[in-house]
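This report refers to the structure that appears directly beneath it.
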Amino acid sequence: MSVVLAQGLTKQFGDVRALDGFDLTVEAGQIVGLIGPNGSGKTTALKSILGLSRLDGGELEVFGLDPFKQRPDLMRRTAYIADTGIMPRWMRIRDLLAFVASVNPAFDRRTAEAALADTEIRPDKKVGMLSKGMTVQLHLAIVLAVNAELLVLDEPTLGLDILYRQRFYDALLNDYFAEQRAIVVTTHEVREIEHILTHVVFIDQGRTRLHLGTDELAAGFAKVVANAERSDALRAMNPLSERRSLHGREFIFRDASRQALADHGEVSTPSLPELFTAVMEER
Amino acid sequence: MMSGFIGLCRREWLEHRGVFLWAPASVAAVIVLAVALVLILAQLDMARVDLDLDLSEASGSDVEIRFEVEDTSILDLVDGWLVSHEWSDDELSGHLALLRRGVAEPFHYVYFIVLVFVLLGALYDDRKERTVLFWKSLPVTDAETVLSKLVTAVWVAPVATIAMILAVQVFLLAVISGLVATRETLSIWSIWTNSGLIMGLVELLVGYLIQGLWALPVYGWLLFISAAVNHRPFLWALFVPAALVALEALVGLTSTARSFIHDHLAFRALPRARPSEGDALGHSAVELGDSIALLVTVELWVGVIIGAAFLAGGVFFRRTKNEV
């Protein structure tokens, strides 16, 4: 059974179609990056998956549950971060951990405490006394101590310095991630999570533009850098996108024969950010 | 399941314990300081009063009862009253019960004001501060969340108020004990045995328990508004019922809404020296029996049903509204 199964999700806010036929499947053992420009429907999609907002149409199941109607059941198997920097300011960290432990049987307080012991965060402090970065650390420490089958992270490292960001993603991949777990993560910094993803989903204007395993990237897409004379021939081969670069012109192709392309220039595999730009320009 | 609900209530208490403790503590401090000030001034012979009370009308008899003193120390006045005659146990316990309930009244008002603001903020503040998504990441139903907020504010928090009332009552009895210490007409023993402190404690506990049910339409309404509106919950909470009452007055056919709101805002179940105007209880104190009698009235249970409907509405909005 798929962890997340979403087909043709629609959601309207007034005149704005936040979701307009969004599809997504997530299986256990996948780390899926949900990537899209601002206002593309990323957050709306995540909120529907987490049962925080009601959909207008489409079919959505998470662990076979209706997320909106069965949110408490869903939350027994799911952990998420929606707003990393925001935690109850009036609460002492010790009380916060005790509270989460009292309502969530899947939360392992000792794991969280061990993670916090590596930071400057002291349990007798109030959340309001923490810096923005420390608040994020606290939030991540709590969410990673939940023994969840699905972890959803919406821009998890916003406001963190680069050193801590890398440590977080390393910990996520090496300590947290496991065969029976699935992770969905959104970010505007694709580069940062590129190396940990098993799958990417590009979303734009509420619709899925591309759903791809990162191991299929090389087979499905090719980048060619060519000089001006060769450009016309490449354009005739129906590229996904074309842009000017320092080395000449860069073309990105989908499902094209690498051998045929190699006659015209240097062929390589596009990076995720390059592919993202290409797919977005295609529309 | 149950431990989760207790955890939610504990969270509520932690968030608001400051105001739930400090509000009654301030009232207690004011009373204690006022009494202490009078005692000190009296010791310094500075608290002298002129009194001219005509109690004829109040007594309801034709006999003229007049109470007149000039330039007399308050201490002497109280002292004179205390030792004026042989007190029977009934008389003494009646007066002390009046004092006990009277001193509790300001606490009821302050608690109610605090409660209004806590309930109005309960499902609104976390949306405004955007912590609501964090709370919602936990395996808790929205109904449990709303109920925990109601239960903590309405049935747990009064314990702090009751403790403060009890402390002030004990303090006043101690002062009276001091005043009668050297008198033969009254013994300290008879003051404490007739104080009704334990009975008073039961009255308060049962009173707050039942008042919570009696005022449930009000509390449910406040939580409903707290969950439903995006701005200015206080104004909404006030404006809608006010508009309803005004509309009703304009049409001029009924006064159902007006009297319903008026009734359920009253402290019908709380121990007081005298019930509020329009109370069906007559001019006696509100006692334990009166509180319990409310439980078998249709009015209380109609109110509970209306309150429950507001709470259900609050749960409904809590499920979908995450932002303000």
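The values are calculated or read from the model by the stated rules, or taken from the named source; none is laboratory data. Because the structure is predicted, anything quoted here is derived from the model rather than measured. When we count neighbours, we look across all protein chains shown, and the Cβ atoms used for this are built from the backbone with ideal geometry, even at glycine.
With the structure loaded, tell me whether B:GLY4 is surrounded by 12 or more Cβ atoms within 10 Å (Cβ to Cβ), at pLDDT below 90, assigned to a helix (DSSP H, G or I) and within 14 Å of chain A (Cβ to nearest Cβ) or whether it fails that test.
Values: surrounded by 12 or more Cβ atoms within 10 Å (Cβ to Cβ): yes; at pLDDT below 90: yes; assigned to a helix (DSSP H, G or I): yes; within 14 Å of chain A (Cβ to nearest Cβ): yes.
It is true that B:GLY4 is surrounded by 12 or more Cβ atoms within 10 Å (Cβ to Cβ), at pLDDT below 90, assigned to a helix (DSSP H, G or I) and within 14 Å of chain A (Cβ to nearest Cβ).
Working only within region A:82-109, note down all residues that are in contact (Cβ under 8 Å) with a residue 12 or more places away in the chain, closer than 30 Å to A:VAL4 by Cα and either outside any loop (DSSP other than H, G, I, E, B) or of a type in the set (A, V, I, L, M) (or both). Write out each step before concluding.
Of the residues in region A:82-109, the ones in contact (Cβ under 8 Å) with a residue 12 or more places away in the chain are A:82-94, A:96-97, A:100, A:104-109.
With closer than 30 Å to A:VAL4 by Cα added as a condition, the list becomes A:82-88, A:96-97, A:100, A:104-109.
A:ALA82, A:ILE86, A:MET87, A:LEU96, A:LEU97, A:VAL100, A:ALA106, A:PHE107, A:ARG109, listed by residue number.
Any chance you could count how many residues in region B:11-41 are within 14 Å of another protein chain (Cβ to nearest Cβ) and under 23 Å from B:ILE165 (Cα atoms)?
Of all residues in region B:11-41, those within 14 Å of another protein chain (Cβ to nearest Cβ) come to B:11-20.
Imposing the further condition that a residue be under 23 Å from B:ILE165 (Cα atoms) reduces the set to B:12-20.
Number satisfying all stated conditions: 9.
Among all residue pairs at least 6 apart or on different chains, which show Cβ distances below 6 Å where the first residue, located in region B:123-143, is within 18 Å of A:LEU97 (Cα to Cα) and the second is in a helix (DSSP H, G or I) and of a type in the set (Asp, Glu)?
B:VAL132/B:ASP126
Run A:ALA79 past the list (1) closer than 22 Å to B:GLU129 by Cα; (2) not in a strand (DSSP E or B) and report the number of the one that doesn't hold.
(2)
Have a look at B:SER59, B:SER26 and point out the one that is modelled with pLDDT of 75 or more and of a type in the set (Ser, Thr, Tyr).
Numbers: B:SER59 fails: modelled with pLDDT of 75 or more.
Going through B:SER59, B:SER26 in turn, the sole match is B:SER26.
Under the condition of being more than 7 Å from every other protein chain (Cβ to nearest Cβ) and not β-branched (Val, Ile, Thr), which residue from region A:75-90 is farthest from the chain's Cα centre (by Cα)? Give the steps one after another, and end with the answer.
First, pick out the residues of region A:75-90 that are more than 7 Å from every other protein chain (Cβ to nearest Cβ): A:77-78, A:81, A:84-85, A:89.
Remaining after also requiring not β-branched (Val, Ile, Thr): A:77, A:85, A:89.
Details: A:ARG77: 18, A:GLY85: 17, A:ARG89: 27 Å.
If we take residues in region A:75-90 being more than 7 Å from every other protein chain (Cβ to nearest Cβ) and not β-branched (Val, Ile, Thr), then A:ARG89 is farthest from the chain's Cα centre (by Cα).
So A:VAL201 passes all but one of these: (1) of a type outside the set (Asp, Glu); (2) assigned to a helix (DSSP H, G or I); (3) touching a Lys or Arg at 6+ places or on another chain (Cβ under 9 Å). Which condition number does it fail?
For A:VAL201, the exception is condition (2).
Would you be able to tell me the number of residues in region B:86-96 that are part of a helix (DSSP H, G or I) and polar (S, T, N, Q)? Steps first, please.
Of the residues in region B:86-96, the ones part of a helix (DSSP H, G or I) are B:89-96.
After this cut, where a residue has to be polar (S, T, N, Q) as well, the list is B:93.
Selection size over region B:86-96: 1.
Quick one: which of A:PHE13, A:PHE22 is buried (at least 22 other Cβ atoms within 10 Å of the Cβ) and aromatic (Phe, Trp, Tyr)?
On the way: A:PHE13 fails: buried (at least 22 other Cβ atoms within 10 Å of the Cβ).
Within the list A:PHE13, A:PHE22, the selection yields A:PHE22.
If you go through region A:55-74 one residue at a time, do you hit one that is surrounded by fewer than 20 Cβ atoms within 10 Å (Cβ to Cβ), within 7 Å of chain B (Cβ to nearest Cβ), of a type in the set (D, E, K, R) and without any contact (Cβ under 8 Å) to a residue 40 or more places away in the chain?
The answer is no; no qualifying residue exists.
Quick check on region A:167-184: of everything there that is of a type in the set (Phe, Trp, Tyr) and assigned to a helix (DSSP H, G or I), which residue is surrounded by the most Cβ atoms within 10 Å (Cβ to Cβ)?
From region A:167-184, those of a type in the set (Phe, Trp, Tyr) are A:168-169, A:176-177; that's our starting set.
Adding the requirement that they be assigned to a helix (DSSP H, G or I) leaves A:168-169, A:176.
On the way: A:PHE168: 20, A:TYR169: 18, A:TYR176: 16.
Looking at the filtered set, the residue picked out is A:PHE168.
Condition check: in a helix (DSSP H, G or I) and either within 14 Å of chain B (Cβ to nearest Cβ) or without any contact (Cβ under 8 Å) to a residue 40 or more places away in the chain (or both). Does A:THR44 satisfy that? Break it down stepwise before answering.
Working: in a helix (DSSP H, G or I): yes; either within 14 Å of chain B (Cβ to nearest Cβ) or without any contact (Cβ under 8 Å) to a residue 40 or more places away in the chain (or both): yes.
Yes, satisfied.
How many of the residues in region A:188-224 are crowded, with 21+ Cβ neighbours inside 10 Å, modelled with pLDDT under 90 and within 17 Å of A:PRO37 (Cβ to Cβ)?
Residues meeting the conditions: 1.
Restricting attention to region A:116-166, which residues are under 21 Å from A:THR43 (Cα atoms), in a loop (DSSP other than H, G, I, E, B) and not aliphatic (A, V, I, L, M)?
Once the filter is applied, which keeps residues that are under 21 Å from A:THR43 (Cα atoms), in a loop (DSSP other than H, G, I, E, B) and not aliphatic (A, V, I, L, M), region A:116-166 yields A:GLU149, A:GLU155, A:PRO156, A:THR157, A:GLY159.
Hey, can you tell me all the residues within region A:54-79 that are touching a Ser or Thr at 6+ places or on another chain (Cβ under 9 Å) and under 26 Å from A:ALA141 (Cα atoms)?
Across region A:54-79, the qualifying residues are A:VAL62, A:PHE63, A:PRO67, A:ARG71, A:PRO72, A:MET75, A:THR78, A:ALA79.
When region A:239-283 is examined, which residues are found to be more than 14 Å from A:ALA219 (Cα to Cα), more than 26 Å from the chain's Cα centre (by Cα), of a type outside the set (A, V, I, L, M) and surrounded by fewer than 19 Cβ atoms within 10 Å (Cβ to Cβ)?
Matches in region A:239-283: A:GLU242, A:ARG243, A:ARG244, A:SER245, A:HIS247, A:GLY248, A:ASP263, A:GLU266.
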